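Asker: Got a structure for you, written out below as structure tokens; questions coming shortly.
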Amino acid sequence: MNENNHQFCLDFPLERTHCGIVMGNGNFGAMVWGNERLHITVNRADFWDHRGGELIVPGTAYKDLVEVSQTRGSGEALAKAIPRYTFPDNVFKPQRLPVGRFEFSFAAGIRPVSAGLEYNSGTVTVKLSNGSWIELDLGLNEPVLLLRDDAGAIAGVEIKPAWDFPQSREWLEKYAFVSPERFSLTGSSGWVQSCPADPSLACVCLKRENGYVIALELGEDNALALWGAGRILAEFDENKMLDRNHTWWSNYWADTPEITLPDEWFNRFFKYALYKFAAATHPDGYACGLQGPWIEEYQQAPWCGDYHFNVNVQQIYSLAFATGKLEHLLPLFDMIESEPFQAALKHNAMVMFGLDEALWFTHAVDDRGRQCGWLIPGSVLDPACGAWTAQLYWQYYQYSGDREFLKKRAMPFICGIMRGYEAMLEEYNGRLSIPLAISAEYGCSNPEAGEGGRDPSYQLACIHMLADILIEACEILGIKPKPVWLEIKQRVPEYTLTGEPGNEHIAIWEGQDLDICHRHHSHLACIYPFNTLKNISPEQQHIIDNSIDHWILKGMGQWSEWCYPWAAIIQARLGFKDAPVMLLNIWKGIFINEGWATVYLPKFRGLSAHRRSDMLKPKETSEIMQLDGTMAGATAIIEMLVHERQGVVHLFPGVPDKWPDISFKNIRLPGAFLISAERKNGRITSLSIKSLKSGIMKLKTTDNAPVVQLQFSPGEEKDLLAKACRNKTAPKQKLSVLLPV
């Protein structure tokens with residue numbers, strides 16, 4: 001096999017789990033790593049222990065929580081007012097389960113050296129010390145991993161269920177799991193792990209003439225799981241799978257955005273992030289949680305491998321929009337709209353408000369919508385979890401133009417989320433007010449502040465965002481908006497202020513300033529992600545400037561891996577040219593490991609004190625990979641290049657002057673537009689826009705340029721610098737406006 005045949009995106013050592021290359025189909029995940037042996041750590045995103053899931057306990061009425069917060073005035077009193085369920089000692093809470101790994105050994109002196117990835121096929125190629133290769137392909141429509149060993153380098157395979165690792169076995173035994181059933185037959189080996197109350201999982205490795213095939217399958221019991229895995233292997237067709245994989249990956253890359261930055265590291269990271277996004281969120285897979293389909297075998301899944309809806313899920317899926325990979329959102333929407341998930345959201349709303357038409361999230365849930373992290377004020381009193389998710393539904397429409405989706409799926413969900421906000425509102429000092437809610441994670445970051453308060457700026461931005469969405473959606477669908485949505489726009493403030501006259505800035509909630517370094521930039525959500533500030537006045541701009549300065553002065557020593565990209569996007573949206581890339585460079589140095597995975601704990605002490613006590617533990621047992629930072633980082637790069645805010649598209653808004661030569665292709669924008677542009681020596685030399693539907697785009701090419709309004713018909717493409725537009729069915733036309741170049 002010739003090394004030149006492999007188009008590698010990566011080439012690095014495979015020393016430990018998160019330094020290897022990942023493979024995935026949205027459900028079956030594999031991590032390829034190893035030093036003396038080739039280790040394949042496997043998992044499935046739908047392999048759960050669902051016991052211990054919590055819904056808001058009956059009797060936890062919102063009005064009662066408001067009364068407690070206003071009369072007793074302490075976060076401790078509020079926390080005690082939220083009851084929890086009691087479970088048996090052998091039940092913890094819902095969690096993704098570790099599965100195990102397969103270890104492939106070689107003849108003496110042969111070991112894995114490095115790995116590479118062929119983007120157009122998804123093939124991972126592992127180079128061995130003797131110059132031979134192992135090729136791996138993961139089926140995109142079937143739970144099968146193929147290892148091709150044409151040189152016959154593999155000497156044997158050893159199975160390592162999660163049970164074999166002390167840390168995993170300790171907690172599995174504690175929570176009523178039993179040892180897996182193992183088997184070793186001629187040509188095949190594996191195990192089946194049963195669960196106390198959930199389906200079993202079979203893991204089977206089959207020897208073939210030129211390699212191995214691994215299958216993972218769920219079944220109602222051990223026998224059915226094993227039968228299912230056997231059936232998959234019996235029906236497996238290598239050529240068909242490889243052909244399907246190549247076709248899918250080729251199509252995926254054909255219309256995926258391309259960027260060319262002066263910094264080659266960012267170019268390579270961006271493309272690998274797009275690969276990981278596809279592997280984690282494949283449209284035929286499962287909804288993507290914190291770690292996607294990749295969970296280590298030797299420990300509990302961090303944060304149960306759950307769905308954190310207070311920032312993390314949204315950051316992961318933010319990459320779907322600018323890349324145009326909207327179909328990758330559908331597994332998430334399908335999960336949310338499933339019967340168990342909807343039942344959980346409706347139950348919570350009924351308990352809190354006595355409403356059967358509202359939907360109410362708690363912040364960290366399993367795939368059935370049940371809380372994984374205990375019922376506390378931070379999980380019960382954060383309606384922004386639902387609102388930020390509702391924005392994903394709206395953005396799906398914005399970027400696709402799919403009116404049927406808007407009518408049948410988006411509107412019912414968004415209305416259900418808004419109904420909870422409506423129920424919270426009360427008259428207060430001549431306006432409408434939210435008497436009690438949290439600003440995400442501030443209570444746990446600053447215990448002296450209490451758990452929540454009146455009119456958190458985060459929640460005010462959310463309710464305005466929802467009102468904007470619903471009013472615009474009604475206009476699109478030709479229906480009348482509810483009067484309360486119009487009233488919200490008139491009578492609910494856009495944010496809460498604090499500070500002396502002349503230094504007024506955005507507060508956390510009424511009477512609570514940003515007093516500490518806080519990693520969740522929720523009080524600035526009106527800037528991003530919710531973009532709720534329209535027609536900003538000079539007075540408002542002064543408040544924004546003060547708020548940003550105050551935020552910067554509080555520092556970033558407690559930020560984790562997903563905080564930096566969010567901050568970079570906020571700065572790009574404010575037109576900062578140098579700060580976004582500086583932040584991303586710091587982020588790269590602290591939170592991205594040798595395998596280009598974003599890790600939760602800082603790599604060293606000195607710039608970040610986040611989780612200091614865990615920082616110096618061995619990486620083998622403490623390195624936590626999360627996908628939110630990876631996908632948010634790729635999104636931040638796009639936001640630096642182009643984005644829409646206040647209805648206007650801004651070109652190169654966060655690109656420093658030290659990057660004079662830069663280009664991008666096929667970035668999607670709201671309204672289903674595709675934009676491509678190039679800048680050389682600091683001047684725009686190419687700019688084209690294509691409309692996939694039809695509509696009007698407002699465009700600003702430089703800070704000093706006027707806003708240009710462009711009208712498009714379906715399929716029309718305009719080459720703005722050539723002053724002509726192209727349409728396959730229409731002759732070229734002159735543009736009426738010349739853009740500054």
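Every number here is computed from the coordinates shown, using simple stated rules; none is lab data. Being a predicted model, the structure only gives us computed values, none of them experimental. Don't worry about glycine lacking a Cβ; one is built from the backbone with ideal geometry, like all the others, and counts go over all protein chains shown.
Asker: Can you put Glu404, Glu487 in order, fewest other beta carbons within 10 Å first?
Answerer: In increasing order of surrounding Cβ atoms, one gets Glu404, Glu487.
Asker: For volume of the Cα convex hull per residue in Å³, which listed value, [x] 168; [y] 214; [z] 200, comes from the coordinates shown?
Answerer: Looking at volume of the Cα convex hull per residue in Å³ for this model, the match is [x].
Asker: Let me ask something additional. Roughly what would the spin-label model give for Arg431 and Trp227, points 7 Å off Cα along C-beta, in nm?
Answerer: A separation of 6.4 nm, rounded to one decimal place.
Asker: Suppose a student asked you for the relative contact order of the chain, using Cα pairs under 8 Å spaced at least 6 residues apart; what percent would you report?
Answerer: Value for the chain: 11 percent.
Asker: Would you give the gap between the C-alpha center of region 464-538 and the C-alpha center of region 628-706, rounded to a whole Å?
Answerer: Distance between centres, Cα-based: 25 Å.
Asker: Right, here's the next one. Please arrange Glu181, Glu337 by how many other C-beta atoms lie within 10 Å of their C-beta, fewest to most.
Answerer: If I rank by nearby Cβ atoms, fewest first, I get Glu337, Glu181.
Asker: What is the packing order of peptides 316-328, 654-666, 510-522, taking the mean over residues of other C-beta atoms within 10 Å and listing the highest first?
Answerer: For the peptides 316-328, 654-666, 510-522, the packing ranking is 316-328, 510-522, 654-666.
Asker: Between Lys408 and Asn593, what is 0.36 nm times their sequence separation minus the Cα-Cα distance? Round to one decimal in nm.
Answerer: 62.3 nm
Asker: Among all helices in the chain defined by DSSP H, which have a length of 18 Å or more along the axis from Cα atoms plus a Kyte-Doolittle mean of at least 0.0?
Answerer: Span-like helices in the chain: 222-235, 339-353, 411-424, 457-477, 627-641.
Asker: A further question follows. If contacts are Cα pairs under 8 angstrom and at least 6 residues apart, what is the relative contact order of region 647-734 in percent?
Answerer: About 23 percent, as a whole number.
Asker: Another one. When only DSSP loop residues count, what chymotrypsin sites (Phe, Trp or Tyr not before Pro) in region 11-116 have their Cβ near at most 12 other Cβ atoms within 10 Å?
Answerer: Here no loop site has a sparse enough neighbourhood.
Asker: Further question: Would you calculate the convex hull of the Cα atoms in region 20-143 and tell me its volume per residue in Å³?
Answerer: Hull volume normalised by residue count: 206 Å³.
Asker: Tell me the mean residue ellipticity at 222 nm calculated for the chain from its helices only (DSSP H runs of n ≥ 4, each -39500 (n - 2.57), averaged over every residue, nearest 500).
Answerer: -9500 deg cm²/dmol
Asker: A further question follows. If you stretched the chain out fully between Ala107 and Asp549, how much longer would it get, using 0.36 nm times the residue separation minus the C-alpha to C-alpha distance?
Answerer: Extra length from Ala107 to Asp549 when fully extended: 153.0 nm.
Asker: Per residue, what volume in Å³ does the Cα convex hull of region 647-734 take up?
Answerer: Normalising the Cα hull of region 647-734 by residue number yields 93 Å³.
Asker: Using the Cβ atoms and a cut-off under 12 Å, what net charge is assigned to the surroundings of Ala358, where Lys and Arg are +1 and Asp and Glu are -1?
Answerer: -1
Asker: Using a cut-off of 13 Å between beta-carbons, work out the net charge of the residues near Asn120 (Lys and Arg +1, Asp and Glu -1, Asn120 not included).
Answerer: Overall, the nearby charge balance is -2.
Asker: Additional query: If amide hydrogens are placed 1.01 Å from N in the peptide plane, which non-local residues have theirs closer than 5 Å to the one on Phe28?
Answerer: Under 5 Å from the amide H of Phe28 lie the amide H atoms of Ala45, each far enough along the sequence or on another chain.
Asker: Once both labels are modelled 7 Å past Cα along the beta-carbon direction, what's the Ala343-Gln541 spacing in nm?
Answerer: Inter-label distance under the simple model: 5.5 nm.
Asker: A further question follows. Once label points are set 7 Å from the Cα along Cα→Cβ at both Cys444 and Arg169, what is their separation, rounded to one decimal in nm?
Answerer: For Cys444 paired with Arg169, the spin-label model returns 3.2 nm.
Asker: Let me ask another. Neighbouring Cβ atoms within 10 Å as the yardstick, rank Tyr528, Tyr428, Tyr442 fewest first.
Answerer: Ascending Cβ contact count within 10 Å gives the list Tyr428, Tyr528, Tyr442.
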